[in-house]
Amino acid sequence: MTEQPTALEKPPRKPVPLKAWLMQAALLLALLALLAWLAHNAQINLRERNMAAGFDFLFEDSAGFAIGEGWVPFGEDDTYFRAMLAGAANTLRVAVPALVFATLLGLGLGIAALAQNPLIRTLSRGVVDLVRNIPLLVQVLLIYIMMTEWLPDVEQALHIGGFYLSKGGLILPWGEVEETPFGVIGTHVLSTEWLSLVTSLTLYAGAFCAEIVRAGIQSVSRGQSEASHALSLTRWQTLRLVLIPQGLRVAIPPYTSLMLSTIKNSSLGVAIGYPDIVSVANTSMNQTGRAIECIAVIASVYLIINLVTAFIMARVNRRVAIKDR
Amino acid sequence: MKLAQTLLSGSLAAVALAASAPAMAGKVLDGVKQRDQLVCGVHTGRAGFAQADGSGNWSGLDVDFCRAVAAAVLGDANKVKFVPTSGQTRITALQSGEIDLLARNTTFNFTRDTSLGLMWAGVNFYDGQAFIVKKRPNLTSAKQLDKATICIDAGTSTERNLQDFARNNGLTFKTVVFDNAEGSKQAFTSGRCHAYTGDYTALAILRATDLPNPDDYELLPEIISKEPVGPAVRRGDEEWFTIVRWVLQAMQGAEEMGLTKANIDEKAAQSDDVAIKRFTGNGDDIGKSLGLDKQWAYRIVKQVGNYGESFARNLGDESPLKLDRGMNRLYTEGGLVYPLPLQ
């Protein structure tokens, strides 16, 4: 560091002059005033046009629509708040499995990209390049259309060892199964929408994860693998005991960003009819006309999920980061 | 410092932008006249109501209504900018002042009229919610759809209607809600959904023009809701609201009086009927109280045609859709269209 000439010329840290403080304070005040003025304006405009405003509808009005699937039981008598809750749960229901699978896929693809076997290496690169360079929305739609066009009709579902697979999705063997004129329905179903959204998010995030893993491993200096070789560790042992533990430290910050963007990308589910928070809030917005409020709910849900994720990952990062010794 | 300056100039620009916005909440008519163009929110593409052809020419019942307003207010039916809006963006587009008028199959109901800050100028089409299914033996009623999967478009009143229908009849449905009609259509035709619910007319048009084998599909007889759709405007400008309301009445009234695009000049010159004289601008002044000239109604019929002509051209006999006028006939012919007296 001391080689850089700028480091020598750098003056000692001086207290911030009063003028700069005043400028900052004035700017902050101006911004706050602007916000207050906009909020005030919105309020007047809403009142002028006799538009209802406020978040009271969340707790007072019953939503009256249905949500196709999810963890949170939801009936049409339940409030909008519960609908939003069910929507938020559905967002997690897609994001969490997608992240888990994407991480596993990314580890596999990332390690494969460094394999000695040229076939495996090229395959891994090919998959990563293909998936990474097609817009996610296109992939979501493509996988969904393939599933709904190619799988058998619900009435002719494939029945394999308790599982039923059809255009309606995958019925899991635990839980009850009922025959209806419209095919078999079960208590535990992974819908086609869920399956295609999780698949496409897994592929997409997995491809980016692979690059993060590869870069992390390659960032470990050559001397480390040469030293392990000298200690007669096998390639696999070198990877597992030397390269991955050190490489992952570098990989965690970009991996965190990937997690956050994957959570946000799950909102593309609206295009294929998956009832996540965006879909539910959109319906609520249309029924109540409270656009600002519903958008605020969507934003807060993503903000909360992502802040929690970022907080956890920051702690993880602090634990594994290279310590000065 | 540099950052502070950038931020400051940025926020000043934002203030300037924000300050210019409320000006649009003023008199809509003045705004329309000033820009010499009507900005009309329509469907992104629904045959018969609003559809743009390959060269960008719009046609449809709602499009004709926009043109009629432009003919009345600006004197030229072509001075319209059509803004395609989705089921979700339409309300916001009108509330925010992005469009002057919304003519996009929008259902006129209590909640919307009382809490969205909009006013409906009337009803230009009477519709109802129905179901379309792939034909299957023994399926003759929507009440047999218990436990079926049903596709719906987001942002419509249909979601709630469906739930009410399910509850009243003790049925359970699994719903898949798409944010665009293309998505619902694909899911329905691929077999992901057993039924697709929406406005009867929209489904009939879908069946006639968009489905690969129309004979494989049928509409079930139940109409589960009332969907009176019509043009809406923002609250807070009664003058504009009144103009839009009377444009619709004039279009429908012209049909009742037998005034058509082809015969209006002749009738204007020859007829002694007081009502026709007034309508064509040769009698009492019907424009002054609206802030328009005497001939606004005449221009609507001359340039766009009456309601019946517009219906026939876009949805009825002269169109590929060949829809029956049903409830949308004049009251004199057993329908619900009852034009208010233009006196």
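Listed values, structure above:
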{"read-out": "Filtered residue count, region A:124-153, keeping only those that are within 14 Å of another protein chain (Cβ to nearest Cβ) and either over 17 Å from A:THR202 (Cβ atoms) or not in a helix (DSSP H, G or I) (or both)", "value": "7"}
{"read-out": "Subset of region B:197-244 [over 21 Å from the mean Cα position of the chain (by Cα) and outside any loop (DSSP other than H, G, I, E, B)]", "value": "B:PRO214, B:ASP215, B:ASP216, B:TYR217, B:GLU218, B:LEU219"}
{"read-out": "Residues of region B:120-143 classified as within 9 Å of chain A (Cβ to nearest Cβ) and surrounded by 16 or more Cβ atoms within 10 Å (Cβ to Cβ), total", "value": "1"}
{"read-out": "Any hit, region B:62-83, residues being in a helix (DSSP H, G or I), basic (Lys, Arg) and over 19 Å from B:TRP296 (Cβ atoms)", "value": "no"}
{"read-out": "Segments classed as strands (runs of 3 or more DSSP E), wholly inside region B:102-192, with at least 2 members that are farther than 24 Å from B:ALA232 by Cβ and in the same structural domain as B:LEU211 (by TED's automatic domain parsing)", "value": "B:129-134, B:149-153, B:174-178"}
{"read-out": "Unique residue being free of Cβ contacts under 8 Å to residues at least 40 places away in the same chain and either in contact with a strand residue (DSSP E or B) (Cβ under 8 Å, 6 or more places away or on another chain) or of a type in the set (Gly, Ala, Ser) (or both) when the list is B:GLY287, B:GLY253, B:GLY305", "value": "B:GLY287"}
{"read-out": "Counted residues, region A:73-99 - those being part of a helix (DSSP H, G or I) and hydroxyl-bearing (Ser, Thr, Tyr)", "value": "2"}
{"read-out": "Test: residue in region A:171-191 that is hydrophobic (A, V, I, L, M, F, W, C) and modelled with pLDDT of 95 or more", "value": "no"}
{"read-out": "Which numbered condition B:ASP164 fails, given (1) at the interface with another protein chain (Cβ under 10 Å from one of its Cβ atoms); (2) buried (at least 19 other Cβ atoms within 10 Å of the Cβ); (3) modelled with pLDDT of 90 or more", "value": "(2)"}
{"read-out": "Residue among A:GLY54, A:GLY64, A:GLY68 that is within 12 Å of chain B (Cβ to nearest Cβ), in contact with a helix residue (DSSP H, G or I) (Cβ under 9 Å, 6 or more places away or on another chain) and surrounded by fewer than 17 Cβ atoms within 10 Å (Cβ to Cβ)", "value": "A:GLY54"}
{"read-out": "Elements of type helices (runs of 4 or more DSSP H) contained in region B:252-343, each with 2 or more residues being under 16 Å from B:GLY122 (Cβ atoms)", "value": "B:296-303, B:307-314"}
{"read-out": "Boolean, B:LYS277 is assigned by TED's automatic domain parsing to the domain that holds B:LEU102, more than 23 Å from B:LYS79 (Cβ to Cβ) and out of contact with any Lys or Arg (no Cβ under 6 Å at 6 or more places or on another chain)", "value": "yes"}
{"read-out": "Enumeration of residues in region A:187-221 that are over 24 Å from A:LEU141 (Cα atoms), among the aliphatic types (A, V, I, L, M) and part of a helix (DSSP H, G or I)", "value": "A:ILE212, A:VAL213, A:ALA215, A:ILE217"}
{"read-out": "Residues that are surrounded by fewer than 19 Cβ atoms within 10 Å (Cβ to Cβ) and small (Gly, Ala, Ser), drawn from region A:277-325", "value": "A:ALA296, A:ALA299, A:SER300, A:ALA310, A:ALA314, A:ALA321"}
{"read-out": "Residue ID - farthest from A:ALA271 (Cα to Cα), chosen from residues in region B:144-160 that are modelled with pLDDT of 90 or more and more than 7 Å from chain A (Cβ to nearest Cβ)", "value": "B:GLN144"}
{"read-out": "Restricting region B:170-196 to residues that are within 24 Å of the chain's Cα centre (by Cα) and not aromatic (Phe, Trp, Tyr), the residue that is surrounded by the fewest Cβ atoms within 10 Å (Cβ to Cβ)", "value": "B:GLU182"}
{"read-out": "Any hit, region A:261-268, residues being within 14 Å of another protein chain (Cβ to nearest Cβ) and under 16 Å from the mean Cα position of the chain (by Cα)", "value": "yes"}
{"read-out": "Residue under evaluation B:LYS277, criteria (1) out of contact with any helix residue (DSSP H, G or I) (no Cβ under 6 Å at 6 or more places or on another chain); (2) within 25 Å of B:LYS33 (Cβ to Cβ); (3) of a type outside the set (Gly, Ala, Ser), criterion not met", "value": "(2)"}
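Each row is one residue, and each column tells you yes or no for (1) at pLDDT 95 or above; (2) more than 19 Å from the chain's Cα centre (by Cα).
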site	(1), (2)
B:ALA275	no, yes
B:LYS288	no, yes
B:VAL304	yes, no
B:LEU321	no, no
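The values are calculated or read from the model by the stated rules, or taken from the named source; none is laboratory data. Since the structure is predicted, the reported quantities are computational estimates derived from the model, not experimental observations. All Cβ positions, glycine included, derive from the backbone under ideal geometry; neighbour counts span all protein chains shown.
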